[in-house]
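Engineer: Handing you a structure now.
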Amino acid sequence: MPARTILTISFMMLLHICFAQQTSTDTSWKLKYRQQGIPVPPYPQSLTVAQDGSGDYKTIQEAVNAVRDLSQVQVVIHIKPGIYREKLIIPSWKKNIFLKGENSETTIITNSDFSGKENPGGTDQFGRSKYSTYTSYTVLVQGSDFRAENLTIENKSGRVGQAVALHVEGDRAVIIRCRLLGNQDTLYTATSESRQFYRDCYIEGTTDFIFGEATCVFKNCLIKSLSNSYITAAATSAAQSFGYVFMECTLVADSTVAKCFLGRPWRPDAKTVFLNSELGVHIVPEAWNNWNNPDNENTVLYAEYQNSGPGAQTGSRVKWSKQLSKKEVRVYSIDRIFNGWDPDY
């Protein structure tokens, strides 16, 4: 047999062996294309995560890592039911990611880090050997145009101090029908440049469990207090026109809870407004707290409009809060709050 023929056959056999090895060991999204003899597309627009191996990946982080950097189109990551014990990071260069669960009761992302806990990896990127509030998250979202639906995101560390479940920094984030579970500092809405929209969500916690700098709308959300404390701690900057806006939300509490404030200012220019919401009996008559600093009373914007329920009586509200008029409340439209961005809810 001519040497050239032998070389060609050997090369083809080598290719076959390499492909067989790759096919047998490759559990990524590319496998389904290779098995059908279809050219593998450069990047997928849909991925599936399943712990039993029936999807493209077994962990959510692996799927996020597979998404094209700086994607200009939305990539849907379908997450099958299961308890995913992950510390999930969606970095700034992973944009347009949509995490879609089947049911928030059965599709759970969980972790248990908290501020002060020793970092098992030694030190973080800042050289700290212990977690802080800002690194205690279960899920960190830095990429813009993030969306999540039908998921539970929880921090299971218990009542040990600051322990964030969801930490969002990216702009134009949309969270729909999700459960955010924790105690102190459950939801960190970070950075003043971020706009975030939450609809039909369940959020629970103890102290300041909705906090941060972002401009946020919470629409038709159920918010549950687990201890006598403060619900919000906005850190709105003076340059922001809006901070937290709650629309048609329902505020409830654990049966042992009897004294909660709607909010206190993490920063002097905090802005928090409750509109057409139902306030439970656990909301104290004064409703708002100045965080032990009377100067904050001159700079915050704490307001309400046509709330209902036993906690909505306005006669004993602090004098530095406001009851909006019908004319004043008109500025609180989705379009104005988000400066033209439509969260497409």
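Engineer: Quick check, is ILE203 under 16 Å from CYS221 (Cα atoms), in contact (Cβ under 8 Å) with a residue 40 or more places away in the chain, assigned by TED's automatic domain parsing to the domain that holds VAL64 and in a strand (DSSP E or B)?
Structural biologist: Taking the combined requirement at face value, the residue does not satisfy it.
Engineer: Look at TRP291 and say whether it is among the hydrophobic types (A, V, I, L, M, F, W, C), touching a Lys or Arg at 6+ places or on another chain (Cβ under 7 Å), without any contact (Cβ under 8 Å) to a residue 60 or more places away in the chain and part of a loop (DSSP other than H, G, I, E, B). If you could, list the steps in order and put the result at the bottom.
Structural biologist: Details: among the hydrophobic types (A, V, I, L, M, F, W, C): yes; touching a Lys or Arg at 6+ places or on another chain (Cβ under 7 Å): yes; without any contact (Cβ under 8 Å) to a residue 60 or more places away in the chain: yes; part of a loop (DSSP other than H, G, I, E, B): yes.
The answer is yes for TRP291.
Engineer: In this structure, is THR152 touching a residue at least 12 places away in the same chain (Cβ under 8 Å), β-branched (Val, Ile, Thr) and either at positive phi or surrounded by 23 or more Cβ atoms within 10 Å (Cβ to Cβ) (or both)?
Structural biologist: Judged against the criteria, THR152 is not a match.
Engineer: Of the residues that sit in the stretch 77-88 and are touching a helix residue (DSSP H, G or I) at 6+ places or on another chain (Cβ under 7 Å) and among the hydrophobic types (A, V, I, L, M, F, W, C), which one is surrounded by the most Cβ atoms within 10 Å (Cβ to Cβ)?
Structural biologist: This residue is ILE79.
Engineer: Go through TYR188, TYR230 for me and flag whichever is among the aromatic types (Phe, Trp, Tyr), touching a Gly at 6+ places or on another chain (Cβ under 9 Å) and over 19 Å from ILE109 (Cβ atoms).
Structural biologist: None of the others qualify; the one that does is TYR230.
Engineer: Something else about it: Among the candidates GLY170, GLY143, GLY127, which residue alone is surrounded by fewer than 17 Cβ atoms within 10 Å (Cβ to Cβ), assigned to a loop (DSSP other than H, G, I, E, B) and assigned by TED's automatic domain parsing to the domain that holds GLN72?
Structural biologist: Matching residue, one of GLY170, GLY143, GLY127: GLY127.
Engineer: Among all residue pairs at least 6 apart or on different chains, which show Cβ distances below 6 Å where the first residue, located in the stretch 296-310, is at pLDDT 95 or above and the second is basic (Lys, Arg)?
Structural biologist: Every condition considered, the pairs that remain are LEU301/LYS271; ALA303/LYS322.
Engineer: Which residues, counting only those in the stretch 243-276, are under 12 Å from TYR302 (Cα atoms), touching a Leu at 6+ places or on another chain (Cβ under 9 Å) and among the hydrophobic types (A, V, I, L, M, F, W, C)?
Structural biologist: Hits for the stretch 243-276 are VAL245, PHE246, LEU262, ALA270, VAL273, PHE274, LEU275.
Engineer: If you don't mind, another one. Kindly establish whether PHE261 is in contact with a Cys (Cβ under 8 Å, 6 or more places away or on another chain) and either assigned to a helix (DSSP H, G or I) or not hydroxyl-bearing (Ser, Thr, Tyr) (or both).
Structural biologist: no
The values are calculated or read from the model by the stated rules, or taken from the named source; none is laboratory data. Because the structure is a prediction, the values reported are computed rather than measured. Cβ: placed from backbone, ideal geometry, glycine included. Neighbour counts: every protein chain shown.
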